Amino acid sequence: MYLNTLALLALLSAPGLASEPVPATLTGSILSTDGSGLPGARVTVLPASPGSAPAAVVTSGNRGLFLVSGLPPGTFEVRVELPGFEPGTIGGFALAPGETRNLDVTLRLAGVRESLTVVSPSPRDAVEAAEIRESSARDAAEALVKLPGVWKLRKGGIANDVVVRGSQSRDLNVLVDGERIYGACPNHMDPPSFHVDFAQVDRIEVAKGPFDVKNQGSLGGVVNIVTRRAEPGFHATANAAAGSWGYVNPSFTASWAGESFSALAGYSFRRSDAFSDGDGRRFTELTNYRANAVDAEAFEAGTAWARVGFVPAENHAVTLSYTRQDTSHTYYPYLQMDAVTDDADRFGLTWEAAPSAVLTSAKLSAYYTQVDHWMTDEYRTSSTTASRGWSMGTDAFSKTLGGRLEATAWNVTAGIEAYRRYWDTTTYLAGMQYRPQASLPGAATDVVGLFAERSFRLSGTVNLDAGLRWDHASASVDPGKASTDLTWAYHGTRATEQTDSLPGGSLRARWQAAEGLEISLGAGTAARIPEPQERWFSLRRMGTDWVGNPDLEPSRNTALDLSASLRAGRFYLSASAFLNEIADFVVLADVKKVNMVPGVMNPAARTYENVDARLAGGEAGASLTLTDRLVFSGSVSYVRGTQDPRPELGIDSTDVAEMPPVAGRASLRWDNGRFWGEAEGVFAAAQTNVDSDLLEETTPGWGIANLRAGFTFGSLGLTAGVENLFGRLYSEHLSYQRDPFRSGVKLPEPGRNVFVNLSWRY
């Protein structure tokens with residue numbers, strides 16, 4: 001049905017059936033001064049009229065090729081940006097109806113600039129929307145694993161977590177358009193990235209390390225999902241993706257933008273059955289799912305979004321946005337329960353201005369998000385004798401209200417960030433006659449932070465990026481509902497509130513050592529507040545209780561980062577090394593009862609403790625342009641986590657749990673601008689450095705092969721591929737047990753996965 005609809009839309013847009021002018025096409029190459037192609041350049045096509053919004057933004061491919069189709073006839077200019085190179089511009093050219101024009105843009109290595117702009121002092125990578133459509137990725141974590149230093153934590157068919165240099169979601173800021181969104185599940189079933197659909201996404205940015213001073217809690221890095229904006233005139237896009245195990249994902253977006261008003265709206269639907277591993281077994285066969293759930297839907301989600309913008313005065317712009325997502329029966333085989341529903345609402349308001357030559361920019365943003373989450377074991381065999389059809393369930397709700405004001409003047413960007421995170425969960429167990437337990441009652445976290453950053457030119461070849469931040473944080477739970485008996489029994493405290501002051505900052509020196517060679521050295525420190533469930537979650541169980549630790553200290557990462565990039569002719573190389581010294585790193589541990597409390601029957605509980613830890617490693621990537629159309633590229637990543645034992649707390653292991661192994665990928669890609677094909681190999685070494693205290697298991701190494709191809713013809717695009725071509729049975733090390741009670745299974749990766757993605761743009 002979706003394919004028929006797309007075909008009809010394509011016919012209606014044809015020149016013979018519509019009165020609209022035949023669109024034009026722009027192609028070309030982004031080149032260095034030696035003639036080699038430059039991949040990853042941002043190409044912006046702008047109408048010639050001053051103040052107009054971009055007509056298109058694309059990224060150059062591996063050989064520096066770019067293609068922009070569907071342009072209306074008119075006069076345009078092209079701007080090209082690539083880190084380490086001076087921007088390039090070609091302006092004042094006209095495109096006639098149906099014309100295809102070729103443009104080559106040559107970029108020079110960056111030298112001394114007359115003016116400096118404030119840039120992020122952290123190493124930054126990004127994945128563009130076009131790259132996402134070239135894979136079978138179903139969420140942000142699966143899309144980002146192609147970046148060096150990024151891994152995923154698989155939970156099921158969707159809602160996987162992003163891991164950056166060994167730092168998991170609790171130590172990362174995962175943002176949407178720079179705004180915070182927190183899930184409601186205490187076991188992170190619903191990470192922030194889960195509440196954004198790919199059809200909304202323009203690109204996903206990853207900043208590694210504690211170098212971001214604009215956002216509190218960037219202990220290990222930042223993942224920022226940037227959503228689409230309306231383009232000048234009327235545009236519509238439709239995508240229809242399908243894949244193995246009944247996966248379908250149709251979506252549609254329409255937008256219009258004029259001089260003073262813009263609007264964009266879209267809808268996406270996605271669903272899938274449980275995938276099969278390399279041996280042909282559904283993941284629902286590997287744990288305790290009921291027989292009627294084995295072949296059932298593993299997830300279903302519908303997402304709708306809208307954005308409107310208007311210009312109230314010259315150099316001022318206001319944007320309002322809203323997203324609604326409804327998700328049902330999402331399976332999480334690594335846990336004891338599954339999400340029956342997970343519904344989210346996200347509101348955003350932004351004002352931007354360029355007030356004067358001195359105050360070059362100002363931005364005020366406000367946002368509100370809420371997530372309703374209900375999970376039970378109703379799909380599992382553990383519920384077969386329960387009177388309500390489930391033996392355990394948790395009703396969870398979270399909301400976040402926040403805002404930011406920042407401005408730039410005299411090359412200094414400064415601002416204030418404030419947000420409140422509220423979280424409430426209630427748990428029911430059939431063994432306790434469904435008596436509700438306020439497992440996380442009314443947990444509130446309030447943060448106010450100040451930040452500033454600036455770039456300095458120290459010499460003709462050396463720049464320095466500097467940033468400072470200070471936060472005041474207060475956290476509490478409802479003292480009338482909190483289970484202080486548990487915290488008193490196991491930790492000797494009944495505290496229901498904590499206050500923290502958190503300074504931070506970063507420095508990065510960037511040295512243009514020679515033509516094509518840039519070296520940077522960064523030092524930074526950042527802290528995160530303990531998660532509410534780490535301090536105050538409480539659950540009485542048969543056998544082992546689960547209790548937070550109100551005395552936890554904030555975790556602080558002090559890091560060094562050395563990176564270098566070299567471009568020589570057709571060869572490009574980048575490498576980095578890092579050392580993260582983390583004071584008061586939060587780990588799971590067992591704790592014995594220290595005080596006798598009526599009703600607390602168990603002798604021990606699973607809780608959270610602080611240890612000192614360090615993460616060290618690095619990444620390397622390279623590409624070689626073999627011919628004008630053929631490029632070889634590859635990357636490898638490594639991280640090692642160690643911790644200082646605390647025998648008095650039962651923490652004897654020197655290995656940090658859940659650390660990714662050595663992993664990498666290599667690909668050979670042919671691309672002529674319209675047609676492309678790629679063969680890729682992905683591998684991971686065995687992981688034997690495991691936390692014996694938590695009974696963490698080792699994981700053997702593995703390797704798989706992927707094939708992908710696609711073409712673009714006018715407004716139509718088609719991508720197809722096969723991932724895990726030979727149906728290898730394997731598991732990634734991180735896809736293992738996130739439950740404090742060791743209830744999970746080592747979840748395998750999908751077997752042979754065939755996918756196709758058809759796109760249309762008007």
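The values are calculated or read from the model by the stated rules, or taken from the named source; none is laboratory data. Please read all numbers here as calculations on a predicted model, not as lab measurements. Neighbour counts are summed over all protein chains in view; Cβ atoms, including those assigned to glycine, are modelled from backbone coordinates with ideal geometry.
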Pick from Ser506, Ser474: which is in contact with a strand residue (DSSP E or B) (Cβ under 8 Å, 6 or more places away or on another chain), surrounded by fewer than 22 Cβ atoms within 10 Å (Cβ to Cβ), at pLDDT 95 or above and under 23 Å from Ala418 (Cβ atoms)? Ser474
Identify the single condition in (1) part of a strand (DSSP E or B); (2) farther than 26 Å from Ala274 by Cβ; (3) aliphatic (A, V, I, L, M) that Val756 does not satisfy, given that it satisfies every other one. (2)
Scan region 550-580 for residues that are of a type outside the set (S, T, N, Q) and within 16 Å of Glu531 (Cα to Cα) and jot them down. Pro550, Asp551, Leu552, Glu553, Pro554, Arg556
Can you tell me which residue is surrounded by the most Cβ atoms within 10 Å (Cβ to Cβ) among those in region 191-247 that are closer than 27 Å to Asn580 by Cα and of a type in the set (Asp, Glu)? Asp212
Options Gly744, Gly710; residue that is in the same structural domain as Trp256 (by TED's automatic domain parsing) and either of a type in the set (Asp, Glu) or modelled with pLDDT of 85 or more (or both): Gly710
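Of the residues Ala366, Ala344, which is surrounded by fewer than 20 Cβ atoms within 10 Å (Cβ to Cβ) and either in the same structural domain as Leu401 (by TED's automatic domain parsing) or within 24 Å of Pro250 (Cα to Cα) (or both)?
Ala366
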Among (1) surrounded by fewer than 24 Cβ atoms within 10 Å (Cβ to Cβ); (2) within 13 Å of the chain's Cα centre (by Cα); (3) in contact (Cβ under 8 Å) with a residue 60 or more places away in the chain, which single condition is Ser169 missing? (3)
What is the residue count in region 176-187 for residues that are surrounded by fewer than 22 Cβ atoms within 10 Å (Cβ to Cβ), out of contact with any Gly (no Cβ under 7 Å at 6 or more places or on another chain) and not small (Gly, Ala, Ser)? 1
It is to be established whether one or more residues within region 456-466 are surrounded by fewer than 20 Cβ atoms within 10 Å (Cβ to Cβ), assigned to a strand (DSSP E or B) and of a type in the set (Lys, Arg). yes
Flagged in region 662-687 as part of a loop (DSSP other than H, G, I, E, B), farther than 20 Å from Leu573 by Cα and modelled with pLDDT of 95 or more, in numbering order, are Ala685, Ala686
Among the candidates Thr525, Thr544, residue that is under 26 Å from Arg457 (Cα atoms) and of a type in the set (Val, Ile, Thr): Thr525
Inside region 529-544, can you point out the residues that are surrounded by 24 or more Cβ atoms within 10 Å (Cβ to Cβ) and part of a helix (DSSP H, G or I)? Pro532, Arg535, Trp536
Answer from Glu114, Glu128, Glu134 - the residue that is at pLDDT below 90 and surrounded by fewer than 17 Cβ atoms within 10 Å (Cβ to Cβ): Glu114
Please go through region 295-317 and give me each residue that is modelled with pLDDT under 95, β-branched (Val, Ile, Thr) and buried (at least 16 other Cβ atoms within 10 Å of the Cβ), ordered by number. none
Residue that is surrounded by the most Cβ atoms within 10 Å (Cβ to Cβ), among those in region 248-265 that are among the hydroxyl-bearing types (Ser, Thr, Tyr) and more than 15 Å from Ala304 (Cβ to Cβ): Ser262
List the pairs whose first member sits in region 514-538 and is more than 22 Å from Tyr419 (Cβ to Cβ), whose second member is acidic (Asp, Glu) and surrounded by fewer than 19 Cβ atoms within 10 Å (Cβ to Cβ), and whose Cβ atoms are under 9 Å apart, counting only residues at least 6 apart or on separate chains? Gly516/Asp34; Ser538/Asp485
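Please work out if Gly61 is within 29 Å of Ser667 (Cβ to Cβ) and either over 35 Å from the mean Cα position of the chain (by Cα) or not in a strand (DSSP E or B) (or both).
So Gly61 passes the test.
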Single unsatisfied condition, Arg614 versus (1) modelled with pLDDT under 95; (2) within 29 Å of the chain's Cα centre (by Cα): (1)
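Does Pro750 count as over 28 Å from Gly246 (Cβ atoms), assigned to a loop (DSSP other than H, G, I, E, B) and in contact (Cβ under 8 Å) with a residue 60 or more places away in the chain?
Values: over 28 Å from Gly246 (Cβ atoms): no; assigned to a loop (DSSP other than H, G, I, E, B): yes; in contact (Cβ under 8 Å) with a residue 60 or more places away in the chain: yes.
Answer is no for this residue.
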Which condition breaks for Gly727 when tested against (1) small (Gly, Ala, Ser); (2) exposed (fewer than 15 other Cβ atoms within 10 Å of the Cβ); (3) touching a residue at least 60 places away in the same chain (Cβ under 8 Å)? (2)
Could you identify the single residue in Gly389, Gly403 that is assigned by TED's automatic domain parsing to the domain that holds Phe299, under 28 Å from the mean Cα position of the chain (by Cα) and without any contact (Cβ under 8 Å) to a residue 40 or more places away in the chain? Gly403
Hey, could you check region 440-455 for residues that are at pLDDT 95 or above and out of contact with any Lys or Arg (no Cβ under 9 Å at 6 or more places or on another chain) and say which is surrounded by the most Cβ atoms within 10 Å (Cβ to Cβ)? Leu440
Count of region 331-385 residues which are over 30 Å from Asp395 (Cβ atoms), of a type in the set (A, V, I, L, M, F, W, C) and without any contact (Cβ under 8 Å) to a residue 40 or more places away in the chain: 4
Have a look at Leu67, Leu8 and point out the one that is surrounded by 16 or more Cβ atoms within 10 Å (Cβ to Cβ), outside any loop (DSSP other than H, G, I, E, B) and either modelled with pLDDT under 80 or not assigned by TED's automatic domain parsing to the domain that holds Leu626 (or both). Leu67
Could we say that Ser735 is touching a Lys or Arg at 6+ places or on another chain (Cβ under 6 Å) and outside the structural domain of Leu103 (by TED's automatic domain parsing) here? yes
Which numbered condition Asp395 fails, given (1) more than 26 Å from the chain's Cα centre (by Cα); (2) surrounded by fewer than 20 Cβ atoms within 10 Å (Cβ to Cβ); (3) acidic (Asp, Glu): (1)
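A quick yes/no check of all residues on (1) in a strand (DSSP E or B); (2) in contact with an Asp or Glu (Cβ under 7 Å, 6 or more places away or on another chain); (3) not polar (S, T, N, Q):
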position: Leu573; (1), (2), (3): yes, no, yes
position: Ala583; (1), (2), (3): yes, yes, yes
position: Ala589; (1), (2), (3): yes, yes, yes
position: Glu609; (1), (2), (3): yes, no, yes
position: Asp628; (1), (2), (3): no, no, yes
position: Thr642; (1), (2), (3): yes, yes, no
position: Pro660; (1), (2), (3): no, no, yes
Go through region 564-593 and give me each residue that's hydroxyl-bearing (Ser, Thr, Tyr) and buried (at least 21 other Cβ atoms within 10 Å of the Cβ). Tyr572, Ser576
